[in-house]
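Written below as structure tokens is the structure these notes are about.
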Amino acid sequence: MTKKIRVGIVGYGQLGKGVERELQNQQDFQLIAIFTRREPKQITRQFSETRLERFEDISKYQKGIDVMILCGNSKKDLWEQTVHVHKWFPTVDSFDVHEDIPTYFEKVKKSALRARTLSTISIGWDPGLFSLHRMLGEALFPEGEIFSFWGKGYSQGHSAAVRRIPGVRDAVQYTLPSKGAIEQIRRGEKITVAQQDFHKRVCYVALEAGVDKHEIERAIKTMPHYFAPYETIVHFVSQTTLQKNHQSLSHGGHVFARSEDGTFLELTLAANSNPTFTATVLIAYARATFRMYQLGEKGARTIFDIPPKLLAIDTNEMLRKRLL
């Protein structure tokens, strides 16, 4: 049997736990350790055999791990963690602040080249798989239109961004797409819904005691890249209500590529669990990142740079026979 890819996980929130869980289904991976900034002894593990280590001790595993999957928050964690971790390991992450990706990419690229390693960034379903579909749509329909919709569902990144506001105890954010705009696209009609009205964002927030609700609401609605300029509704609820009524992690969305004559390609995602599906994408691209690094590639890559065949466990011969 081919030697397994030894993998590590950085971060043990919803996404990190999703990666840990999904690695159980991957025959060519071996999970070596999960690294956390929290006290490992105080964390409840999903699987008793999982090794939890301090983030500060990550360099000790340089010879024992082949690729690291980074599961930190895009707003702050990944800016610092990626350039630190890839001093010793090739990495893959799901950085998802679309507007900041060019800047993040350049920072990671320069650092990875200095470290002579490889980092694949912004891997998930959007950015990620949806980005690939948008690129394909533009290539096929250069005079056409591309439309992206997210939801209805739970957003990991936006929820995490709200939770990072001082005074917020816990929060969940749902993204709701405009059904009217989606139906207009499918019917081949001209879009009459303004771009900023394609989505509505709804937040359920539990606060710490003594916090000014108005200040928290203002901080949410004016947060660049996340909530401004979308219509945003904020509901303040108790922690008990949040835990009782807002535990669903489902999410999804659509990307449409529409030609001038009305032909359109539609990619639709309906994920029962946003973290779990994102985890499956990260694992596939961790496989590809490891293979590219083994071939001597260095620097930074995005989903546009990676041949699809590197994602698969099967050989090229088997892929041609089964899927072509």
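The values are calculated or read from the model by the stated rules, or taken from the named source; none is laboratory data. Remember, predicted model here, so these are calculated numbers, not experimental data. Neighbour counts run over all protein chains shown; Cβ positions are idealised from the backbone, glycine included.
If S59 passes every condition in (1) surrounded by 14 or more Cβ atoms within 10 Å (Cβ to Cβ); (2) touching a Phe, Trp or Tyr at 6+ places or on another chain (Cβ under 6 Å) but one, which one does it miss?
That leaves (1) as the condition not met.
How many residues does segment 166-180 contain that are surrounded by fewer than 17 Cβ atoms within 10 Å (Cβ to Cβ) and touching a Leu at 6+ places or on another chain (Cβ under 8 Å)?
Here the count works out to 2.
Without any contact (Cβ under 8 Å) to a residue 60 or more places away in the chain, touching a helix residue (DSSP H, G or I) at 6+ places or on another chain (Cβ under 7 Å), of a type in the set (S, T, N, Q) and closer than 30 Å to G262 by Cβ: is that true of S148 in this structure?
Considered against the rule, which asks whether it is without any contact (Cβ under 8 Å) to a residue 60 or more places away in the chain, touching a helix residue (DSSP H, G or I) at 6+ places or on another chain (Cβ under 7 Å), of a type in the set (S, T, N, Q) and closer than 30 Å to G262 by Cβ, S148 comes out as no.
Report whether or not S59 is outside any strand (DSSP E or B) and touching a Ser or Thr at 6+ places or on another chain (Cβ under 8 Å).
no
How many residues does segment 33-47 contain that are among the β-branched types (V, I, T) and surrounded by fewer than 17 Cβ atoms within 10 Å (Cβ to Cβ)?
2
Would it be correct to say that Y104 is assigned by TED's automatic domain parsing to the domain that holds S74 and under 21 Å from the mean Cα position of the chain (by Cα)?
yes
Specify which of the listed residues (Q46, Q14, Q30) is modelled with pLDDT under 95 and in contact with a Lys or Arg (Cβ under 8 Å, 6 or more places away or on another chain).
Q46
Which residues, counting only those in segment 165-199, are free of Cβ contacts under 8 Å to residues at least 40 places away in the same chain, hydrophobic (A, V, I, L, M, F, W, C) and in a helix (DSSP H, G or I)?
Within segment 165-199, just A181 meets the criteria.
Quick check on V85: is it of a type outside the set (S, T, Y) and under 17 Å from the mean Cα position of the chain (by Cα)?
No, not satisfied.
Would you mention how many residues in segment 110-133 are touching a residue at least 60 places away in the same chain (Cβ under 8 Å) and more than 19 Å from the chain's Cα centre (by Cα)?
Selection size over segment 110-133: 4.
Restrict the check to segment 21-31 and report whether at least one residue is farther than 22 Å from L311 by Cβ, part of a loop (DSSP other than H, G, I, E, B) and not hydrophobic (A, V, I, L, M, F, W, C).
no
Can you find, within segment 86-132, the residue that is surrounded by the most Cβ atoms within 10 Å (Cβ to Cβ) among those that are more than 28 Å from L267 (Cβ to Cβ) and in contact with a His (Cβ under 6 Å, 6 or more places away or on another chain)?
Across segment 86-132, the extreme among qualifying residues is A112.
Okay, residues lined up against (1) over 25 Å from S148 (Cα atoms); (2) surrounded by fewer than 17 Cβ atoms within 10 Å (Cβ to Cβ):
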residue	(1), (2)
I191	no, yes
F198	no, no
A206	yes, no
T222	no, yes
P229	no, yes
L242	yes, no
E260	no, yes
E266	no, yes
A271	no, no
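When you check A161 against the structure, is it in a helix (DSSP H, G or I), among the aliphatic types (A, V, I, L, M) and free of Cβ contacts under 8 Å to residues at least 12 places away in the same chain, yes or no?
Against the criterion (in a helix (DSSP H, G or I), among the aliphatic types (A, V, I, L, M) and free of Cβ contacts under 8 Å to residues at least 12 places away in the same chain), A161 does not qualify.
Could you grab the pairs with beta carbons closer than 7 Å, sequence gap of 6+ or different chains, first residue in segment 36-56 and in contact (Cβ under 8 Å) with a residue 12 or more places away in the chain, second one assigned to a loop (DSSP other than H, G, I, E, B)?
So the pair list comes out as T36/G11; T36/Y12; T36/I43; I43/Y12; L52/I43; L52/R45; F55/R37.
On the basis of being in a loop (DSSP other than H, G, I, E, B), under 14 Å from the mean Cα position of the chain (by Cα) and modelled with pLDDT of 95 or more, does F95 make the cut?
yes
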